[in-house]
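Everything below concerns the one structure shown next.
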Amino acid sequence: MRTPIVAANWKMHKTVKEAADYFRRLLELVPARPPVELVIFPPATILWMAQKHLGGSAVAWGAQDAYPEPQGAFTGEISVVQIADLGAKYLICGHSERRHIFQEDDRLVGRKVGAALESGLIPILCVGERLEEREAGRAWQVVEGQLAAALAELELPSPAKLVIAYEPVWAIGTGVPARPEDAQEMAARIRDWLRERFGKAGAQVRIQYGGSVKPENAREFLTLPDIDGALVGGASLDPDKFWAIAQAATS
Ligand code: 13P
């Protein structure tokens with residue numbers, strides 16, 4: 001049984017005041033035992049607030065990125081260990097904006113996944129092809145390469161210790177989501193790959209879809225057989241919309 005996981009990636013949005021209003025409203029909406037796992041990924045400036053507002057609630061939180069070295073001379077970076085120390089549960093690794101705007105390569109993404117697990121965080125590994133790669137019929141090849149590179153060294157202690165987010169780059173922030181049948185096909189391939197790589201535990205790893213998910217289309221994705229949740233950007237900035245999306249996972 002794979003509990004759906006619906007996550008809000010705020011990206012570089014929200015001030016302290018805006019975040020406080022969001023947390024308050026979200027906690028009004030979410031029951032004590034929601035049927036869906038909810039995770040908020042605020043920017044680094046808000047992580048302490050997530051701990052303060054969400055600690056002890058049914059809503060988990062994590063960081064959008066972190067550096068794999070535990071400490072050292074890495075100006076501007078925050079380590080995986082420091083994120084874990086704050087009480088975070090999850091870490092996004094290899095988001096397409098990190099890969100494409102900040103030139104993160106597969107090797108660094110893999111180090112982040114490994115460091116997250118070592119620190120007790122659950123990595124959400126993001127994979128996804130660009131439009132030209134899909135048009136050239138290379139979507140699976142690209143995603144498989146990203147999975148293989150990031151998970152090469154990994155041992156998976158349990159399926160709960162890893163989440164994969166399939167986010168086609170061309171669907172992120174464009175208002176044009178993938179076709180549900182294409183998202184399902186990719187998720188099924190990812191699941192087969194995880195089963196080959198990690199055996200039975202691999203087949204139970206949760207796979208999210210991300211890219212222009214909103215309340216109006218969430219059900220189309222969240223009811224697909226191999227999609228176990230969503231990683232939501234823009235629409236997650238409004239707590240009512242985010243909760244509406246989460247509810248679609250069990251409706
Ligand atoms: P949008 O939902 O804004 O398309 O962003 C998706 C995303 O990148 C989540 O990580």
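Quick one: is residue 8 in a helix (DSSP H, G or I) and open to solvent by less than 50 Å² (accessible area, probe 1.4 Å)?
Judged against the criteria, residue 8 is not a match.
Return yes when residue 150 is under 17 Å from the mean Cα position of the chain (by Cα) and closer than 27 Å to residue 119 by Cβ and no when it is not.
yes
Which residues, taken from region 11-29, are in a loop (DSSP other than H, G, I, E, B) and open to solvent by 60 Å² or more (accessible area, probe 1.4 Å)?
Answer for region 11-29, where residues must be in a loop (DSSP other than H, G, I, E, B) and open to solvent by 60 Å² or more (accessible area, probe 1.4 Å): 12, 13, 15.
Give 81, 109 a once-over and let me know the one that is in contact (Cβ under 8 Å) with a residue 12 or more places away in the chain and over 17 Å from the mean Cα position of the chain (by Cα).
From the options 81, 109, the qualifying one is 81.
Of the numbered conditions (1) under 21 Å from residue 125 (Cα atoms); (2) among the aliphatic types (A, V, I, L, M); (3) open to solvent by 40 Å² or more (accessible area, probe 1.4 Å), residue 32 fails exactly one; give the number of that condition.
The one condition residue 32 does not meet is (1).
So, of the residues in region 178-189 that are within 16 Å of the ligand (Cβ to nearest atom) and in contact with a Phe, Trp or Tyr (Cβ under 9 Å, 6 or more places away or on another chain), which turns out to be most open to solvent (accessible area, probe 1.4 Å)? Step through it out loud before you land on a result.
Of the residues in region 178-189, the ones within 16 Å of the ligand (Cβ to nearest atom) are 178-180, 182-183, 186-187.
Applying the additional criterion that residues be in contact with a Phe, Trp or Tyr (Cβ under 9 Å, 6 or more places away or on another chain) yields 178, 180, 183, 186-187.
Working: 178: 6, 180: 31, 183: 0, 186: 9, 187: 1 Å².
Ranking the qualifying residues of region 178-189, first place goes to 180.
Where the second residue is within 6 Å of the ligand (Cβ to nearest atom) and in a strand (DSSP E or B) and the first is under 27 Å from residue 1 (Cα atoms) and lies in region 226-239, which pairs have Cβ atoms under 8 Å and are six or more apart or on separate chains?
The qualifying pairs are 230/210; 231/9; 231/210; 232/9; 232/210; 233/9; 233/210; 236/9.
Of the residues in region 222-245, how many are within 11 Å of the ligand (Cβ to nearest atom) and either surrounded by fewer than 24 Cβ atoms within 10 Å (Cβ to Cβ) or not in a strand (DSSP E or B) (or both)?
Of the residues in region 222-245, 8 are within 11 Å of the ligand (Cβ to nearest atom) and either surrounded by fewer than 24 Cβ atoms within 10 Å (Cβ to Cβ) or not in a strand (DSSP E or B) (or both).
For region 1-59, what are the residues that are basic (Lys, Arg) and touching a Gly at 6+ places or on another chain (Cβ under 9 Å)? Can you show your working first?
Here is the first cut: in region 1-59, the residues basic (Lys, Arg) are 2, 11, 14, 17, 24-25, 33, 52.
The answer is 2, 11.
If I filter region 138-149 for residues that are open to solvent by 10 Å² or more (accessible area, probe 1.4 Å), within 14 Å of the ligand (Cβ to nearest atom) and in a helix (DSSP H, G or I), do I get at least one hit?
No, that holds for no residue.
Is there any pair with a first residue in region 87-106 that is free of Cβ contacts under 8 Å to residues at least 12 places away in the same chain and a second that is crowded, with 24+ Cβ neighbours inside 10 Å whose Cβ atoms are under 7 Å apart and which are 6 or more apart or on different chains, and what are they?
Matching pairs, first to second residue: 104/94.
State the number of residues belonging to region 150-171 that are among the β-branched types (Val, Ile, Thr), open to solvent by less than 30 Å² (accessible area, probe 1.4 Å) and not in a strand (DSSP E or B).
0
Mind listing whichever residues of region 71-107 are open to solvent by 60 Å² or more (accessible area, probe 1.4 Å), polar (S, T, N, Q) and assigned to a helix (DSSP H, G or I)?
Within region 71-107, 82 is the sole residue that qualifies.
Return a yes/no flag: does region 10-24 have any residue that is in contact with a strand residue (DSSP E or B) (Cβ under 8 Å, 6 or more places away or on another chain) and within 15 Å of the ligand (Cβ to nearest atom).
Yes.
Give the residue, chosen from 211, 199, 120, 175, that is surrounded by 21 or more Cβ atoms within 10 Å (Cβ to Cβ) and either touching a residue at least 60 places away in the same chain (Cβ under 8 Å) or closer than 29 Å to residue 250 by Cα (or both).
Values: 199 fails: surrounded by 21 or more Cβ atoms within 10 Å (Cβ to Cβ); 120 fails: surrounded by 21 or more Cβ atoms within 10 Å (Cβ to Cβ); 175 fails: surrounded by 21 or more Cβ atoms within 10 Å (Cβ to Cβ).
Sole residue among the options that is surrounded by 21 or more Cβ atoms within 10 Å (Cβ to Cβ) and either touching a residue at least 60 places away in the same chain (Cβ under 8 Å) or closer than 29 Å to residue 250 by Cα (or both): 211.
The values are calculated or read from the model by the stated rules, or taken from the named source; none is laboratory data. These numbers were taken from a predicted model, which means no experiment stands behind them. All Cβ positions, even for glycine, are placed from backbone atoms using ideal geometry, and neighbour counts span all protein chains on display. Surface accessibility is based on the protein's heavy atoms, side chains included, excluding ligands, DNA and RNA. Shrake-Rupley method; radii C 1.70, N 1.55, O 1.52, S 1.80 Å.
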